[in-house]
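Trainee: Can you keep this structure in mind? I'll have questions shortly.
The values are calculated or read from the model by the stated rules, or taken from the named source; none is laboratory data. Owing to the predicted nature of the structure, the values given are computational and were not obtained by experimental measurement. Heads up, the Cβs are rebuilt from the backbone with ideal geometry, glycines too, and the neighbour counts pull from every protein chain shown. To get the accessible areas, we keep the full protein, side chains included, count just its heavy atoms, and leave off ligands, DNA and RNA. Shrake-Rupley method; radii C 1.70, N 1.55, O 1.52, S 1.80 Å.
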Amino acid sequence: MTQTSTKPKVWVLGNGQLGAMLTHAGEPLAIDVRAVDIMTPTDDILPLAPNDIITAEREQWPESALSLQLSTHPHFVNGPVFSRLADRYSQKSLLDQLNVPTAPWSLVDDHTKVETLYQAFGPRVLMKRRTGGYDGKGQHWLKQAEAGDIPHDWRNLAIAEQAINFDEEVSLVGVRTREGQCVFYPLTLNLHQDGILMASIAPLARLDHLQAQAETMLSAIMHELEYAGVMAMECFRVGDNLLVNELAPRVHNSGHWTQAGTHMDQFQLHLRALCGIAIPQPQVNFQCVMVNLIGIDNDPRWLSLPNAELYWYNKEVRPGRKVGHLNLSVPNLTVLTNSISALQTWMPNQYQAPLAWILAEFTKS
Ligand code: ATP
Ligand code: MG
C-alpha cells in the first residue's frame, strides 16, 4: 500500500468558517482535512477509514445518518466532551468541581423563584439557555428594578448567573496533546458588543501577570477531560482575578489573530494535536489586532492597509452575521494606529466603539 492511501484524513463535523480554516491549515502538512456539511439533509454516507480522525467545529449538531457516522467513529476525538461542554449546566458543574472560579450561577427549574435569584445574585441576573446560545443569542436579563420575572419557556432550559461587573474580557487559547503536554498563546483581550465578539488584541504585556493563573485554570480543565486539541477559555477580568465565562472545545474566534502574528496558528496546533505531531510553543512575532466583520460588505480598501490579512467567509451579508475577519499585525505601533484610524473613516457606526477601544489600548500612557 502506498503511504497516501494509509494516511488518515481528518473529518470535521461542520463546514463553516472554522472548518474551512482547518482545511487550509492542513495543507502545508499534507493533512487531508474534509469539512462536512451536517446541516443539509442527505442520504450520503462518508468513506471513513478505520484510522481516520474526526473533530468538530461546533459543540452541537443535528442528529442524522451523517452526523452519527462521524460521531460514533472510534477516532472521534473528545467525543464525550462536546455534550458535556455544550450544556451550560454540566459545563458550570465541571468548573465548580475543579474549583475553577466562574460567575456564581444556579439552575432554573420549575421551582426557581425570581426573588431567590435576586437575593442570591443581586438586582441584575443573566439567564442563559443551557444549550444552543451563541453570539449573545440565548440570553435574557432579569432586572429587579423592572420587576423582571422568569419567562415560562425558559424554565428547565436555562441557568441564571450573577451579572459580573468586569474590568474587561480576556480569553486563553491553548492546546493539549493526548499525552498531556499543554501549550498556550498569550492571553487575548476581547471586546464584545451586544454579546458578539467585535475585536481582539494580543499579545499585551499588561496581561502577562495573569498568564500563569489562566494557564493553571485551563490546564486543570483539559487534564480532567483528557482533552486533545485546541480549547478556548473565555474569562472576565476582575482586578487581578479571572473568572471563567465559558469554554469552547474547539478553535475559537478569539484565537483568529494567531493566523497573522505567530509562527503557528491555532488551526495547525489543533490538527497537530489530533494527528500526534509535535507541538512547539508558538512563537509570537508581532502585535496583532483582529476585527470581526459583522453584517458588513467587503471593502477593497481594507487590503490596502500594511500587513492586512482578510478572511472572507463567502456568506451572504446579513445584519449581525459574522462574514469575515480582518487581521492586522505589524511590528510598528504607529503603522497599526494609522491603520485603525483609516478603518474609523471607512467603517460604519457599530465599529466606532471597537476601533476607538483598540486605539485607546495603544495610546495609553
Ligand atoms: P459566544 O458567541 O462566545 O459563544 P455566547 O452567546 O455563548 O457567546 P457568552 O459568552 O456566555 O454567550 O456571553 C456573551 C457575552 O455576554 C460575554 O462575552 C459578556 O460580554 C456578556 N456576559 C456573559 N455573561 C455575563 C455575566 N455573567 N455578567 C456580565 N456580562 C456577561
Ligand atoms: Mg462567549
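Trainee: For segment 23-41, enumerate the residues that are open to solvent by 50 Å² or more (accessible area, probe 1.4 Å), under 27 Å from Thr131 (Cβ atoms) and outside any strand (DSSP E or B).
Mentor: Correct list: Asp37, Met39, Thr40, Pro41.
Trainee: Scan segment 179-196 for residues that are more than 13 Å from ligand 2 (Cβ to nearest atom), in contact with a Leu (Cβ under 9 Å, 6 or more places away or on another chain) and not β-branched (Val, Ile, Thr) and jot them down.
Mentor: Result: Cys182, Phe184, Tyr185, Pro186, Leu187, Leu189.
Trainee: Could you figure out which of (1) touching a Leu at 6+ places or on another chain (Cβ under 8 Å); (2) surrounded by fewer than 17 Cβ atoms within 10 Å (Cβ to Cβ) isn't true of Leu326?
Mentor: The one condition Leu326 does not meet is (2).
Trainee: From the set of residues in segment 56-81 that are within 16 Å of ligand 1 (Cβ to nearest atom) and touching a strand residue (DSSP E or B) at 6+ places or on another chain (Cβ under 6 Å), which is most open to solvent (accessible area, probe 1.4 Å)?
Mentor: Trp61
Trainee: Checking Leu98 against (1) over 27 Å from Thr42 (Cα atoms); (2) buried (at least 20 other Cβ atoms within 10 Å of the Cβ); (3) among the aliphatic types (A, V, I, L, M), only one condition comes out false. Which one?
Mentor: (2)
Trainee: Could you list, in sequence order, the residues of segment 130-147 that are assigned to a strand (DSSP E or B) and either loosely packed, with under 15 Cβ neighbours inside 10 Å or near ligand 1 (Cβ under 9 Å from one of its atoms) (or both)?
Mentor: If the condition is that a residue be assigned to a strand (DSSP E or B) and either loosely packed, with under 15 Cβ neighbours inside 10 Å or near ligand 1 (Cβ under 9 Å from one of its atoms) (or both), then Tyr134, Lys137, Gln139, Trp141, Lys143 are the ones that fit.
Trainee: Can you tell me which residue in segment 225-283 is nearest to ligand 2 (Cβ to nearest atom), limited to those that are of a type in the set (Phe, Trp, Tyr) and not in a helix (DSSP H, G or I)?
Mentor: The qualifying residue nearest to ligand 2 (Cβ to nearest atom) is Phe236.
Trainee: Mind listing just one residue for me: the one in segment 204-221 that is more than 16 Å from ligand 2 (Cβ to nearest atom) and either open to solvent by less than 10 Å² (accessible area, probe 1.4 Å) or in contact with a Gly (Cβ under 8 Å, 6 or more places away or on another chain) (or both) and, of those, farthest from Ala360 (Cα to Cα)?
Mentor: In this case the residue turns out to be Ser219.
Trainee: While we're looking at this one, here's another question. Taking only segment 304-353 into account, find how many residues are part of a loop (DSSP other than H, G, I, E, B) and over 20 Å from Leu191 (Cα atoms).
Mentor: 11
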